[in-house]
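> Below you'll find the structure I mean.
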Amino acid sequence: MSDAAPKQTIIDRARAEGFDAVGVAPARVGAREQARLDAFVAGGEHGEMGWMADTLARRRDPKTLWPEAESVLVLGLNYGPESDPMGELERIDRANISAYARNRDYHDLIKKRLKRVARWMVEEFGCEVKVFVDTAPVMEKPLAAQTRVGWQGKHSNLVSREYGSWLFLGEIFTTLALPPDAAERDHCGSCRACLDVCPTDAFPAPYKLDATRCISYLTIEHKGPIPVEFRKAMGNRIYGCDDCLAVCPWNKFATPTEETAFLPRPGAHGERLATLLTLDDAAFRGLFTASPVKRIGRDRFLRNVLIACGNADAPALAPTVEPLLDDPAPVVRGAAVWALKELAPARFEAVKAVRLGAEPEASVRAEWLGEAV
């Protein structure tokens, strides 16, 4: 059997398991990509994502992660949304959740399929395998960019000629020495759409992201109050941001996902902000069971919803916001203060006068004076 034969057989099997894109890369990452990762961490652009620094050595070199690995099978699953996410920004009284997180957590679905393919590879070829989905220290986009699957665009995300911006990735590391693909070339050309659309100017240069300015980072990874300078830019984005992905011209070739697990969940994406403000912890967990949104917890979720309320130009939301001024979570109280100020300035001043009329605690004073909100 030729070297090429097992490769094609594995690709066929992966597609039979439901993967839309399949490629093969050597178990190494180029020096340019390693240097970009080093600079990203050294410059502090990873923010509170401490694991990026903690796992740097393993992340930058697949051989450090697993010395026996010879090849990496890169597998993609289409999660293309049914409509243009940019249109969701106009529904300012509605919750806008990133397309990847509108229903079930993709990690679970992809890992199950990866394991089925991996078990079959062991049985068929007697090789060793390891499977990874995003949470492990794997530079999945640079690995994918060494294959036919796609290339890293100027926004640093993967772009596919067949699926545009909308591919989930997973990897199977194997001891099989498979013939690598010819890498897909960069088709971005002179286009800067993804850079120019960013509402927080998170791209200091093409192919370079400052995560600490990114709305996806701020709404998901950042644990404290949203910095004041980014609140207006958030609009109605309560979990993630798709702007740089959605404007990519290559999306004209994309097709909506056929995975029902990725279709929007009723009561979550597109829900009225006022409804989401009423969620207690149990209701939040119930609504977002098995969803990526669940991992940020009710407090950070409400923080994000309150910022969206402050941007909604809907004074009628003020009575629903006001009870959260006394929420047990400081991050919720601070966001409620800001939202009330934006929605109903006169009411804000009246409540502020009462709250600061006596001798308030330092934290209360800070919240109402804008020092820690």
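Read-outs: derived from the displayed coordinates by stated rules, not from any lab. Bear in mind that the values here come from a model prediction, so they are computed numbers and not experimental data. We place every Cβ from the backbone using ideal geometry, glycine too, and count neighbours over all the protein chains shown.
> Give me a comma-separated list of calculated 3J(HN,Hα) values for the range 119-134, in order, Karplus coefficients 6.51, -1.76, 1.60 applied at θ = phi - 60°, integers in Hz, x for any Gly or Pro.
Along the range 119-134, the couplings run 4, 5, 4, 4, 5, 7, 10, x, 8, 9, 9, 9, 10, 9, 9, 6 Hz.
> Sticking with this one: What is the angle, in °, between the Cα long axis of helix 297-310 and the longest principal axis of the Cα atoms in the chain? Nearest 10 is fine, range 0 to 90.
Helix 297-310 sits at roughly 60 degrees to that axis.
> Sort Glu229, Glu128, Glu184 by Cβ crowding within 10 Å, fewest neighbours at the top. Working shown, then result.
Working: Glu229 9, Glu128 16, Glu184 20.
With the fewest neighbours first, Glu229, Glu128, Glu184 line up as Glu229, Glu128, Glu184.
> Give, in nm to one decimal, the length gained when the segment between Glu128 and Ala350 is fully stretched (0.36 nm per residue of separation minus the Cα-Cα distance).
Stretched out fully, the Glu128 to Ala350 stretch lengthens by 73.2 nm.
> Moving to a separate point now. Kindly state, as a whole number, the per residue volume in cubic angstrom of the convex hull around the alpha carbon atoms of the range 273-373.
Values: hull volume 9.0 nm³, N = 101.
Normalising the Cα hull of the range 273-373 by residue number yields 90 Å³.
> For the range 51-148, build the charge dipole from Cβ charges (+1 Lys, Arg; -1 Asp, Glu) around the Cα centre, then report which of Met86, Ala101, Pro137 sits farthest towards its positive end.
Among Met86, Ala101, Pro137, the one farthest towards the positive end of the dipole of the range 51-148 is Pro137.
> At 222 nm, what helix-only mean residue ellipticity would the chain give, in deg cm²/dmol to the nearest 500, using -39500 (n - 2.57) for each DSSP H run of four or more?
Numbers: 18 runs with 146 residues, N = 373.
That comes out to -10500 deg cm²/dmol.
> How about the chain: what cysteines have no other cysteine beta carbon under 4.7 Å from their own?
Cys127, Cys188, Cys191, Cys198, Cys214, Cys241, Cys248, Cys309
> If I fit a long axis through the Cα atoms of helix 4-16 and take the longest principal axis of the Cα atoms of the chain, what angle between them do I get, 0 to 90°, rounded to 10?
Orientation of helix 4-16: about 40 degrees from the principal axis.
> How many angstrom separate the Cα center of the range 86-127 from the Cα center of the range 224-272?
15 Å
> Rounded to whole Hz and in sequence order, give me ³J(HN,Hα) for the range 70-76 from the Karplus expression 6.51 cos²θ - 1.76 cosθ + 1.60, θ = phi - 60°, writing x for Gly and Pro.
These are the phi-based 3J(HN,Hα) values: 10, 9, 10, 8, 9, 10, x Hz.
> Sort His107, His155 by Cβ crowding within 10 Å, fewest neighbours at the top. Could you put the intermediate results ahead of the total?
Details: His107 14, His155 27.
Starting with the residue having the fewest Cβ neighbours, the order is His107, His155.
> If you split all Cα-Cα distances of the range 81-151 into 5 Å bins from zero, what percentages do you get per bin, shortest first?
Whole-percent P(r) values from 0 Å outward: 3, 12, 13, 16, 19, 14, 9, 6, 4, 2, 1, 0.
> In nm, what is the difference between 0.36 nm times the number of residues separating Ala182 and Arg272 and their Cα-Cα distance?
27.7 nm
> Given Cα pairs under 8 Å that are at least 6 residues apart, what percent is the relative contact order of the chain?
Details: 669 pairs, mean separation 74.3, N = 373.
For the chain, the relative contact order is 20 percent.
> A further question on this structure: What is the helix-to-structure angle for 330-343, meaning the angle in degrees between its Cα long axis and the longest Cα principal axis of the chain, kept from 0 to 90 and rounded to the nearest 10?
Roughly 70 degrees between the two axes.
> So, one more: Which value, in Å to one decimal place, does the Kirkwood hydrodynamic radius take for the range 155-246 when every pair of different Cα atoms is included? Could you put the intermediate results ahead of the total?
Values: mean 1/r = 0.0646 Å⁻¹.
One decimal place: 15.5 Å for the Kirkwood radius.
> While we're looking at this one, here's another question. Where does each of Tyr79, Tyr100 land when they are ranked from fewest to most other beta-carbon atoms within 10 angstrom? Don't skip to the answer; put the middle values down first.
Values: Tyr79 24, Tyr100 19.
The fewest-first ordering by Cβ neighbours comes to Tyr100, Tyr79.
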